[in-house]
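Novice: One structure coming up, written as C-alpha cells, with questions to follow.
The values are calculated or read from the model by the stated rules, or taken from the named source; none is laboratory data. In this text the structure is predicted, and so the values were computed from the model without any measurement. Backbone-built Cβ (ideal geometry, glycine too); neighbour counts: all protein chains shown.
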Amino acid sequence: MLNETPTKNKNLEAWVREAAELCQPDRVVWCDGTERERDELTRQAIGLGEVELLDPVKWPGCLYARSTENDVARVEQSTFICTRSKKAAGNTNNWMDPQEAYRKLSEIFKNSMKGRTLYVVPYIMGIPGSRFNKIGVEITDSIYVVLNMRIMTRMGTIALQELGAEGKFTKGLHGKADLDDHHRFICHFPEDNTIWSVGSNYGGNVLLGKKCLALRIASWLGNQEGWLAEHMMIAGIQDPSGKIEYVAAAFPSQCGKTNLAMLVPPASMKGYRVWTVGDDIAWMRIGEDGRLWAVNPEAGFFGVAPGTNSKTNPNALAAVRKNTIFTNVLKTEDGGVWWEGMDGEPPTKGVNWRGQPWTPSSTEKGAHSNSRFTAPAGQCPSISLEWENPKGVPISAIIFGGRRARVTPLVYQSRNWQHGVYVGATVASETTSAATGEVGVVRRDPMAMLPFCGYDMGDYFSHWLEMGRRLKNPPKIFCVNWFRKDDKGNILWPGFGENLRVLQWILSRAEGNVGAIDSVIGFLPKAEDLNLKGIDLSPEKIASLLSISKEDWIDEIKDEATFFEKIGATLPPEIQSEREALIQRLSMEMV
Ligand code: GTP
Ligand code: SPV
Ligand code: MN
C-alpha cells in the first residue's frame with residue numbers, strides 16, 4: 001500500500017484528486033496488489049466488520065461477507081447508460097442525460113467518504129501484455145470491493161505499469177454512501193469512458209471491471225472497434241483422440257454458464273475432458289485465419305453458490321477451497337460455510353445470510369439464492385492451459401440458451417450466421433435472483449445481454465451481422481435449453497455433466513459429421529444421433545425434449561413482435577426477414 005502517487009499518468013493523478021475533493025475521504029491509498037497489502041486490508045476489514053475470517057485450517061485464506069439485506073443483487077432499474085443522445089442508449093436501456101447524472105450522483109458522492117479511506121484500484125481486463133487489454137481504475141471506499149477486485153482482475157502495480165504515463169483507462173468511481181437503495185445508481189458514460197456507481201456494495205453493481213467495464217463499456221468499444229464483448233462462458237472440449245474444440249455460450253444470469261464451463265464428463269463418456277477458459281465474459285475478435293477468437297478478460301469467478309456440490313460442479317468446489325470470499329451464504333458454527341444444495345447434511349445450526357440464527361427447521365433459507373463465491377480462476381482444477389493465452393482460443397460453436405419450461409427444445413442449430421443472430425436475438429428466459437425483481441417471469445434476453453449491452457440493441461444486432469460478414473470461417477450457432485419441464489413441472493433433462501452429450505452433437509454438427517432434421521425452427525438432432533449411452537431417459541422423454549409445439553411457437557412469434565417493436569427503427573431488416581421466414585415456415589406447416 002503506497003501513500004504517495006505511484007503513477008506518472010497525469011490524467012490519473014488529476015482524476016483521483018478530483019474524486020477525493022468530491023468525496024472527502026480521510027485518506028487516499030493506492031493499491032499495489034501485493035500479498036502484504038491483502039493481509040493488511042483483510043485485518044482492517046475484519047476490524048471494521050466488513051468481513052469475517054473463516055476457519056484457517058478448513059478454509060485457508062477464505063473470508064465471509066454479508067451485504068445488507070436490500071443489496072444482494074444487480075439493480076437493473078437503477079442502472080443507466082448516460083449518452084448525450086438518448087438514441088445511442090436505445091430503447092431497452094435506462095437512459096439519463098450525462099449532465100444530470102453527474103449532478104445527481106455528485107450530490108450523493110459529496111462528502112460521502114468522510115471518516116473513510118479512498119482506495120485507488122488500478123486493474124487490467126484481459127491478459128497482461130496483450131494489445132487487446134483494457135485498463136480500468138476503480139476508486140472505492142469499500143475494502144470488500146478491493147479484496148474482490150484483486151481476485152477478479154489483474155490488479156495493482158502490474159496495471160499501472162501497463163497504463164504508463166500516457167495510457168487511457170476507464171474511470172470507475174464507486175462509493176457505498178449510505179447504502180440506501182433510494183440513493184443507488186449505476187451510471188455508465190461510454191462517451192467519457194467513465195462509470196459511477198453509488199449506494200451498493202454488491203457484485204455486479206460494484207466490481208466495476210466486470211459487468212460495467214467488460215460488458216457495458218466494452219460492448220460500446222467493440223461496436224466501434226470491430227469486436228464483440230459478450231456475456232459468455234468459454235470452454236475447450238477434448239475428445240478421446242485428444243483433439244480440443246472450443247465453444248462459447250451465452251446464457252442469462254444464473255442459467256448455467258459456470259456449470260457448463262467446469263463440466264465433468266459422465267462416467268460413460270470416457271476419454272472426454274472439459275477445460276475451463278472463462279465462466280462469464282468473452283471478448284471475441286476476428287483472427288487472421290478468419291475465425292472468431294475468444295479471451296476471458298477476468299482473473300476469477302464470481303459464481304453462484306447454491307446448488308454447487310460434488311455432483312453438479314466438483315471443479316467449482318475445489319476452486320473455492322482456499323483464498324475465496326463467500327458472500328451471503330450461511331456461516332456455520334465452526335467457521336465454515338454452507339448453502340442450499342451443498343453436499344451432505346445441513347449443519348445443525350449457523351448464522352444465515354441476514355445475520356440471524358438458523359437451523360434446518362428454519363423456514364428461511366440459510367444462503368441467499370444469489371449468494372456467491374469469489375475465487376481465483378487459476379485454482380480451478382479444470383482450468384485450460386490456454387486461459388491466459390493473449391490470442392485467445394478459436395471458437396467452433398456459439399451456443400445461446402436460457403431457462404424455458406416450454407417452447408425451446410433441448411438443442412437446435414441455426415441455418416447460418418444470420419439465422420443464428422436471429423436465434424440469439426430472440427432468446428427468452430425466466431428471470432432469476434441475480435437481479436432484483438420478480439423471479440421466474442419469461443422475458444426476452446437477447447444474447448443474454450439485455451442488462452449488459454451499453455448501446456442500442458438494434459445496432460448491437462447489426463454489429464453481430466457485420467461480424468458475420470467479416471468472418472471467413474464463422475462458428476456455427478446453436479440454441480440449448482437445459483430447463484424444459486414435463487406437465488408435472490419436473491425438469492426433463494438431467495443437465496450438468498450430461499450436457500456434454502449435447503456439446504458432442506453440437507461439435508459433430510459444427511464439423512459436418514452428422515445429419516439432422518430440417519425443422520421449421522432450425523436443425524434438430526435425430527434422437528439416434530444423440531449419445532445417450534449410460535443415461536436413464538425414456539424414449540418418450542427424449543421425444544418431448546426434442547419436440548416443438550406449433551401453438552407455442554406461434555405465441556412465441558407474437559411475443560417477439562412486441563419486443564422488436566420496443567427496439568424500434570434500428571432493428572436490422574435481416575432480423576425482420578428471418579422472422580418473416582419463420583412465420584412463413586410455420587404457416588405452411590399449418591395448412
Ligand atoms: P451468472 O454468474 O449469474 O452469470 O450465472 P451462470 O450462468 O454462470 O449460472 P450457474 O452456472 O452458476 O448456474 C446457476 C444455477 O443454475 C445453479 O443453481 C445451478 O445449479 C443451475 N444449473 C446450472 N446448470 C444446470 C443444468 O444443466 N441443469 C439444471 N437443472 N440446473 C442447472
Ligand atoms: C450476473 O448477474 O450475471 C453475474 C453476477 O454474473 S454479477 O457480477 O452480480 O453481475
Ligand atoms: Mn453473469
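Novice: Output the helices (runs of 4 or more DSSP H) that fall wholly within the stretch 73-188 and possess 3 or more residues being under 25 Å from GLN24 (Cα atoms) and under 22 Å from the mean Cα position of the chain (by Cα), or say none. Working first, answer last.
Specialist: Values: elements: 86-89, 98-109, 143-152, 157-163.
Filter on the stretch 73-188 gives 143-152.
Novice: If a residue has to be crowded, with 22+ Cβ neighbours inside 10 Å and farther than 11 Å from PHE452 by Cα to count, how many in the stretch 76-93 make the cut?
Specialist: The number of residues fulfilling the criteria is 4.
Novice: Sticking with this structure for a sec: Looking at (1) assigned to a loop (DSSP other than H, G, I, E, B); (2) within 16 Å of ligand 3 (Cβ to nearest atom); (3) touching a Cys at 6+ places or on another chain (Cβ under 8 Å), can you tell me which one ILE399 breaks?
Specialist: The single condition ILE399 does not satisfy is (1).
Novice: Between a residue in the stretch 527-539 that is assigned by TED's automatic domain parsing to the domain that holds MET269 and closer than 17 Å to VAL514 by Cα and any residue that is surrounded by 12 or more Cβ atoms within 10 Å (Cβ to Cβ) and of a type in the set (D, E, K, R), which pairs come within a Cβ distance under 8 Å, given they are 6 or more apart or on different chains?
Specialist: LEU530/ARG501; ASN531/ARG501; LEU532/ARG501
Novice: If VAL329 satisfies all but one of (1) in contact with a Ser or Thr (Cβ under 9 Å, 6 or more places away or on another chain); (2) of a type in the set (A, V, I, L, M); (3) more than 15 Å from ligand 1 (Cβ to nearest atom), what's the number of the condition it fails?
Specialist: Every condition holds for VAL329 apart from (3).
Novice: Here's a follow-up. Run SER362 past the list (1) free of Cβ contacts under 8 Å to residues at least 24 places away in the same chain; (2) surrounded by fewer than 18 Cβ atoms within 10 Å (Cβ to Cβ); (3) within 22 Å of ALA435 (Cα to Cα) and report the number of the one that doesn't hold.
Specialist: For SER362, the failing item is (3).
Novice: Something else about it: For the stretch 24-35, give me the residue count where each residue is within 30 Å of the chain's Cα centre (by Cα) and either in a helix (DSSP H, G or I) or of a type outside the set (D, E, K, R) (or both). Steps first, answer last, please.
Specialist: Step one: list which residues in the stretch 24-35 are within 30 Å of the chain's Cα centre (by Cα), which gives 29-35.
Now drop any that are not either in a helix (DSSP H, G or I) or of a type outside the set (D, E, K, R) (or both), which leaves 29-31, 33-35.
The number of residues fulfilling the criteria is 6.
Novice: Considering only residues that are more than 14 Å from ligand 2 (Cβ to nearest atom) and buried (at least 17 other Cβ atoms within 10 Å of the Cβ), which ones fall in the stretch 433-448? So that I can check it myself, show each step before the final result.
Specialist: Narrowing the stretch 433-448 to residues more than 14 Å from ligand 2 (Cβ to nearest atom): 438, 440-444, 446.
Answer for the stretch 433-448, where residues must be more than 14 Å from ligand 2 (Cβ to nearest atom) and buried (at least 17 other Cβ atoms within 10 Å of the Cβ): VAL442, ARG444, PRO446.
Novice: When both residues are 6+ apart or on different chains and their Cβ atoms are under 7 Å apart, which pairs have a first residue that lies in the stretch 255-282 and is at negative phi and of a type in the set (S, T, N, Q), and a second that is within 11 Å of ligand 1 (Cβ to nearest atom) and assigned to a loop (DSSP other than H, G, I, E, B)?
Specialist: Within 7 Å, the pairs are THR258/ASP279; ASN259/THR312; ASN259/ASN313; THR276/MET262.
Each row is one residue, and each column tells you yes or no for (1) hydrophobic (A, V, I, L, M, F, W, C); (2) within 22 Å of GLU230 (Cβ to Cβ); (3) in contact with a Ser or Thr (Cβ under 7 Å, 6 or more places away or on another chain).
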residue: GLU69; (1), (2), (3): no, no, no
residue: ARG84; (1), (2), (3): no, no, no
residue: THR117; (1), (2), (3): no, no, no
residue: GLY126; (1), (2), (3): no, yes, no
residue: VAL146; (1), (2), (3): yes, no, yes
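Novice: Ok, one more. Looking at GLY236, GLY226, GLY203, which is the one that is away from ligand 1 (no atom under 16 Å from the Cβ) and more than 18 Å from SER382 (Cα to Cα)? Don't jump to the end; show me each part of the working.
Specialist: Working: GLY236 fails: more than 18 Å from SER382 (Cα to Cα); GLY203 fails: away from ligand 1 (no atom under 16 Å from the Cβ).
On inspection, the qualifying residue turns out to be GLY226.
Novice: Consider ARG291 against the criteria (1) surrounded by fewer than 23 Cβ atoms within 10 Å (Cβ to Cβ); (2) basic (Lys, Arg); (3) out of contact with any Ser or Thr (no Cβ under 9 Å at 6 or more places or on another chain): it satisfies all of them except one. Which criterion is unmet?
Specialist: Answer for ARG291: the failing condition is (3).
Novice: For the stretch 482-504: of the residues being of a type outside the set (D, E, K, R) and without any contact (Cβ under 8 Å) to a residue 40 or more places away in the chain, which is farthest from ALA235 (Cα to Cα)? I'd like the intermediate steps shown before the answer.
Specialist: Here is the first cut: in the stretch 482-504, the ones of a type outside the set (D, E, K, R) are 482-483, 489-497, 499-500, 502-504.
Restricting the remaining residues to those that are without any contact (Cβ under 8 Å) to a residue 40 or more places away in the chain gives 490-491.
Working: ASN490: 28, ILE491: 25 Å.
Top of the filtered list is ASN490.
Novice: Out of the residues in the stretch 466-506 meeting the condition of being more than 24 Å from HIS419 (Cβ to Cβ) and assigned to a strand (DSSP E or B), tell me which one is farthest from ligand 2 (Cβ to nearest atom).
Specialist: Among them, the one singled out is LYS485.
Novice: Next question. Please go through the stretch 438-466 and pick out each residue that is touching a Phe, Trp or Tyr at 6+ places or on another chain (Cβ under 8 Å) and within 16 Å of ligand 3 (Cβ to nearest atom).
Specialist: Across the stretch 438-466, the qualifying residues are PRO446, MET447, ALA448, MET449, CYS453, GLY454.
Novice: So TRP59 clears everything in (1) within 30 Å of LYS322 (Cβ to Cβ); (2) surrounded by fewer than 20 Cβ atoms within 10 Å (Cβ to Cβ) except one condition, right? Which one?
Specialist: (2)
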